[in-house]
Amino acid sequence: MTPWFKVGIGIFFFLLGLGYLDRPDLIERMNAFLRETLLNDSYIALERRKWGVFFLLLSLLFLYLGYNGLYGLP
């Protein structure tokens, strides 16, 4: 991971922590939205093949980019 990526993740978690302390209602609404959309069991059961292919393609992309970054292939 690059240092800028780590800084970005740190800022994200800092803002998330401030959200928990200052605006818990916003965090609860975000949690409810994620639970209804991404973590819904019926949705996952119906769309599992699409999500599986998506994550496999995403993993291949990141593996290629990582390999290219390490060895400098064209």
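The values are calculated or read from the model by the stated rules, or taken from the named source; none is laboratory data. Source: prediction; values computed, not measured. Ideal geometry is used to build each Cβ from the backbone, glycine not excepted, and the neighbour counts take in all protein chains shown. Surface areas here come from the heavy atoms of the whole protein model, side chains and all, with no ligands, DNA or RNA. Shrake-Rupley method; radii C 1.70, N 1.55, O 1.52, S 1.80 Å.
For segment 29-41, the set of residues classified as aliphatic (A, V, I, L, M) and either open to solvent by 80 Å² or more (accessible area, probe 1.4 Å) or in contact with a Pro (Cβ under 7 Å, 6 or more places away or on another chain) (or both) consists of M30, L38, L39, listed by residue number.
Taking every residue in segment 1-28 that is open to solvent by 70 Å² or more (accessible area, probe 1.4 Å) and pairing it with any residue that is of a type in the set (A, V, I, L, M), at least 6 positions away or on another chain, the pairs with Cβ-Cβ distances below 6 Å are Y20/I27.
In segment 45-74, the residues that are in contact (Cβ under 8 Å) with a residue 24 or more places away in the chain and surrounded by 10 or more Cβ atoms within 10 Å (Cβ to Cβ) never reach a residue that is part of a helix (DSSP H, G or I) and of a type in the set (D, E, K, R) with C-beta atoms less than 9 angstrom apart, at least six apart or across chains.
Considering (1) within 28 Å of T2 (Cα to Cα); (2) over 19 Å from the mean Cα position of the chain (by Cα), the lone condition that L63 does not fulfil carries the number (2).
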